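Worksheet for the structure shown next.
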Amino acid sequence: MQGKFKLLILITAALGAMAVILGAFGSHFLAERLEPKSLSAFKTGVLYHFIHTLALFCTALLYRIYRIKGLFYVGLYFLAGITMFSGSLYLLATQNLLGINLPQFFGLITPLGGLALLGAWAAIFFTVIKIKTN
C-alpha cells in the first residue's frame, strides 16, 4: 500500500514538473515558431496534462485514505491517458519543427488517450460511489 501510494505521488510530481516545463516551452519558444493551429493543439495538451496531473494527485490521496486497490489502477489510467492524449498532441504539434513525419494513424492516439482519461474519471465515480458513509 505505502509503496504504491509513494509511486503515485512520485509520478504526479514528475508529471507536474513536466507540465510546467512544457507550458513554459510552449509560451516562450514555440509561440513564435508554430502555426496558430499547432500552437493551440500544444496548449490543449498542456492544459489536459495539468488538469489530469491534479486528478492523479487526488486519486493518490483517495487511495491512501480509503485503501481501495482499484484506485491505484485508476491512477495508472490517468498516467496512460496523459501520455497518450497530451503526448500525441505535443508530437503532432511540433512534428514539422522536429523534422519528423508521423504516420497518419498517429492521430488516433489522441482520442484513445481521451478515452483512457474518461475511463479513469468513470472508474473514480463508480469506485467512490461504493464507499460506505456514516
Given (1) under 23 Å from Lys4 (Cβ atoms); (2) out of contact with any helix residue (DSSP H, G or I) (no Cβ under 9 Å at 6 or more places or on another chain); (3) modelled with pLDDT under 95, Asn134 misses just (1)
Filter result for Leu54 (in a helix (DSSP H, G or I), hydrophobic (A, V, I, L, M, F, W, C) and within 20 Å of Gly99 (Cα to Cα)):
no
Quick count over segment 43-68, residues being more than 22 Å from Ile11 (Cβ to Cβ) and hydrophobic (A, V, I, L, M, F, W, C), is 0
Can you tell me which residue is nearest to Ile129 (Cα to Cα) among those in segment 81-112 that are aliphatic (A, V, I, L, M) and surrounded by fewer than 17 Cβ atoms within 10 Å (Cβ to Cβ)?
Leu112
Matching residues, segment 1-47, being hydroxyl-bearing (Ser, Thr, Tyr) and under 26 Å from Gly99 (Cα atoms):
Ser27, Ser38, Ser40, Thr44
Just one of Leu76, Leu71 is within 23 Å of Leu8 (Cβ to Cβ), free of Cβ contacts under 8 Å to residues at least 60 places away in the same chain, in contact with a helix residue (DSSP H, G or I) (Cβ under 7 Å, 6 or more places away or on another chain) and surrounded by 14 or more Cβ atoms within 10 Å (Cβ to Cβ); which is it?
Leu71
Report, by residue number, each residue of segment 7-44 that is more than 14 Å from Ile82 (Cα to Cα), among the charged types (D, E, K, R) and either in a loop (DSSP other than H, G, I, E, B) or in contact with a helix residue (DSSP H, G or I) (Cβ under 9 Å, 6 or more places away or on another chain) (or both).
Arg33, Glu35, Lys37
Checking Ser27 against (1) surrounded by 14 or more Cβ atoms within 10 Å (Cβ to Cβ); (2) modelled with pLDDT of 95 or more; (3) of a type in the set (Ser, Thr, Tyr), only one condition comes out false. Which one?
(1)
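The values are calculated or read from the model by the stated rules, or taken from the named source; none is laboratory data. Keep in mind the model is a prediction, meaning the values are calculated, not measured. When we count neighbours, we look across all protein chains shown, and the Cβ atoms used for this are built from the backbone with ideal geometry, even at glycine.
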